[in-house]
Amino acid sequence: MKSVGEAMAIGRTFKEALQKAIRSMEIGRFGLAAGSDNLRRLKRDALEEKLITPDSERVFYIYQAYHSGMGLDEIHRLTKIDPWFLSQLKDIYDLEIELSSHSVESVPVDLLRKAKEYGFSDHSLARILSTDEKAIRDLRERRKILPTYKMVDTCAAEFEAVTPYYYSTYESEDEVKPSTTKKVMILGSGPNRIGQGIEFDYACVHAAFALREEGFETIMVNSNPETVSTDYDTSDRLYFEPLTVEDVLNIYEKEEPMGVIVQFGGQTPLNLAKDLEKNGVKILGTSPESIDIAEDRERFKAILEKLSVPQPSTPCVDR
């Protein structure tokens, strides 16, 4: 929270929670694995300097250090980070190397399940196995490697929890019992960072309130612990999950709502709209096609010209 950029992720292991947190941050990474390509060009002395000096990317430089052949003891000497945490990153690295020796057709089911237990996203697995995300999802579904959901009691069993919240993991027992009432899923604004204002959370919260007044059960999906949308009394169900196509689809298939609202959470859910629709998700309200027309400047300009609507001319900038 010291610098604005905060997400919350929950898993059954540190490895799972860490990789979920990384993909929650929306920084172009979907986990530690297969995300360090741009760091691998660093020379040894430059990499050591990055390990010594703490910054927001040091976890990625630690992972790169394993790629470059450094051992745990050496990384500990440079970073002074507790060896237990370094060993957790090493486990992720070792599994990535093991996965990379397989193709999508040959990867063993137990190894694929282990990867999901370690928090590997379908996106990361697709890069490691040289395929696409849909192929990984289809493979998981054929092999019955599906997420289960665990409940976090918001009242720590002291009182009855009005709105417990849930997180995904890959185990055998599932604590979510979907209701049969009519329900709507709302996608929140994602992690706390500059450029994604509180007004988006305000809109999501009031969408939940309005739907509740109309008799709908509301399902909120968000990864930001510092917003009202993740308060215990805002929605009927809360999923503390990354806002990615994979994670939203998992919840959608579990809950089977009548549709999903993406328009109130700002850029994060808007960016997911088209891919969600392609995967069979019903988007309520403004269609993804209309959203794209409004978002894409060239398409919007073409609409204005077709309708003869005046628009400001593009300013001429001297270079």
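Observations
- For region 107-121, Karplus couplings with θ = phi - 60° (6.51, -1.76, 1.60), whole Hz, Gly/Pro x: 4, x, 4, 5, 6, 5, 5, 4, 4, 5, 5, 7, x, 5, 7
- For the chain, the solvent-accessible area of protein heavy atoms averages 52 Å² per residue (probe radius 1.4 Å; ligands and nucleic acids excluded).
- Cα long-axis angle, helix 14-24 against the chain (0 to 90 degrees, to the nearest 10): 40 degrees
- Inter-label distance for residue 151 and residue 134, nm, one decimal - labels placed 7 Å from Cα along Cα-to-Cβ: 3.7 nm
- Within the chain, helix-based [θ] at 222 nm, where runs of 4 or more DSSP H residues each add -39,500 (n - 2.57), nearest 500: -13000 deg cm²/dmol
- Taking the longest Cα principal axis of the chain as reference, the axis of helix 83-99 is set at about 80 degrees.
- Residue-wise HN-Hα couplings along region 49-58, as the Karplus relation 6.51 cos²θ - 1.76 cosθ + 1.60 with θ = phi - 60° gives them from phi, are 5, 5, 6, 6, 9, x, 7, 5, 10, 4 Hz; Gly and Pro carry x.
- About its Cα centre, the dipole of the chain is roughly 820 debye, where the only charges are +1 on Lys and Arg Cβ and -1 on Asp and Glu Cβ.
- Annotation for residue 302 and residue 277: the two label points, set 7 Å from Cα along the Cα-Cβ direction, are 1.5 nm apart.
- Top positive-direction residue, dipole computed over the chain with Cβ charges, set 225, 9, 56: 56
- Surface share of carbon and sulfur [accessible, 1.4 angstrom probe, percent] for the chain: 53 percent
The values are calculated or read from the model by the stated rules, or taken from the named source; none is laboratory data. What you see is a predicted model; the values in this text were computed from it and never measured. Methodologically, a virtual Cβ is constructed for each residue, glycine included, from the backbone with ideal geometry; neighbour enumeration extends over all protein chains shown. Ligands, DNA and RNA are excluded from the accessible area calculation, which covers all protein heavy atoms including side chains. Shrake-Rupley method; radii C 1.70, N 1.55, O 1.52, S 1.80 Å.
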